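Throughout, read-outs are computed from the coordinates displayed, never taken from laboratory work. Given the structure is predicted, the values throughout are model-derived calculations rather than measurements. Note that each Cβ is placed from the backbone with ideal geometry, even for glycine, and that neighbours are counted across all protein chains shown.
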C-alpha cells in the first residue's frame, strides 16, 4: 500500500468504504482503480469522496443489505443511463447475491419504469458481464443458495 493510500485509510469512513467496495467489486478491480485514481491528482479528490460518502457512509448503514443496495443502485444507474457504472454494478450485484434470473427480471422491470432504450442498453451490458466465467459461476452459486 502506498503512503497516500495508507494516509487515507486512517479515516474511518474511507477505510470502511474501501473494504465494502473491495467486497463488492473484488480485489483486482479495486486495486487497479485505486492505482489509477491515486495517480491522477485531478480525479483523486472525487474518488476519495465517493469511497467515503457512497461506500463508507451509505453502503455501511443498517436497514438494507448489500444485495438490496445493489438492486437499488442498478435501478438508478439504468434510469440515468450510465453504462460504465452499470457494467461495474452488475458485477457488484452478483457479488452481493443477485442471481442471473433476478438480474434479467430487474432489467425487464426497469424497461417499463425507465424506458425501453435504457433497459435494452443495460441488457446488452449485463449480457456481456454475465458471460464472464467468474460472474456466471457466482450467479449460479447465488441461485443455488436461494433454493
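From least to most packed, judged by other beta carbons within 10 angstrom and beginning with the fewest, 90, 82 follow the order 82, 90.
Fewest-first ordering of 51, 129 by other beta carbons within 10 Å of each residue's beta carbon gives 129, 51.
Our estimate of slack between residue 3 and residue 141, defined as 0.36 nm per intervening residue step minus the Cα-Cα distance, is 45.9 nm.
Is the C-alpha gyration tensor of the range 32-125 telling us rounded, prolate or oblate? Criteria: a/c under 1.5 is rounded; beyond that, a/b larger than b/c is prolate, otherwise oblate. Since a/c reaches 1.5 and a/b is larger than b/c, the shape of the range 32-125 is classed as prolate.
With the contact rule set at Cα under 8 Å and sequence spacing of 6 or more, what percent relative contact order holds for the range 3-58? Numbers along the way, then the final one.
Values: 41 pairs, mean separation 29.8, N = 56.
Worked out over the range 3-58, it gives 53 percent.
Taking the C-alpha atoms only, the angle from helix 66-80 to the longest principal axis of the chain is near 80 degrees.
Sequence-distant contacts, meaning Cα pairs under 8 Å at least 6 residues apart, place the relative contact order of the chain at 22 percent. Look at 29, 101 and count the other Cβ atoms within 10 Å of each Cβ; fewest to most, that gives 101, 29.
Based on C-alpha pairs under 8 angstrom that are at least 6 apart in sequence, the range 66-145 has a relative contact order of 37 percent.
Annotation: for a label point projected 7 angstrom from Cα along Cα→Cβ of residue 11, residues of the range 40-57 with backbone N closer than 13 Å are 44-57. Label zone (residue 22, point 7 Å along Cα-to-C-beta; backbone nitrogen cut-off 20 Å) within the range 59-94: 59-61, 66-67, 89, 91-94.
Under the 0.36 nm per residue contour assumption, what length would be gained going from the current alpha-carbon distance of residue 81 and residue 131 to full extension?
Additional length available on full extension: 15.9 nm.
Between 99, 34, 73, the GNM of the chain built on Cα springs shorter than 10 angstrom shows 34 fluctuating the most.
Highest mean first, the peptides 62-70, 10-18 sorted by other C-beta atoms within 10 Å per residue fall in the order 10-18, 62-70. Put the Cα centre of the range 1-74 next to the Cα centre of the range 94-147 and the gap is 23 Å.
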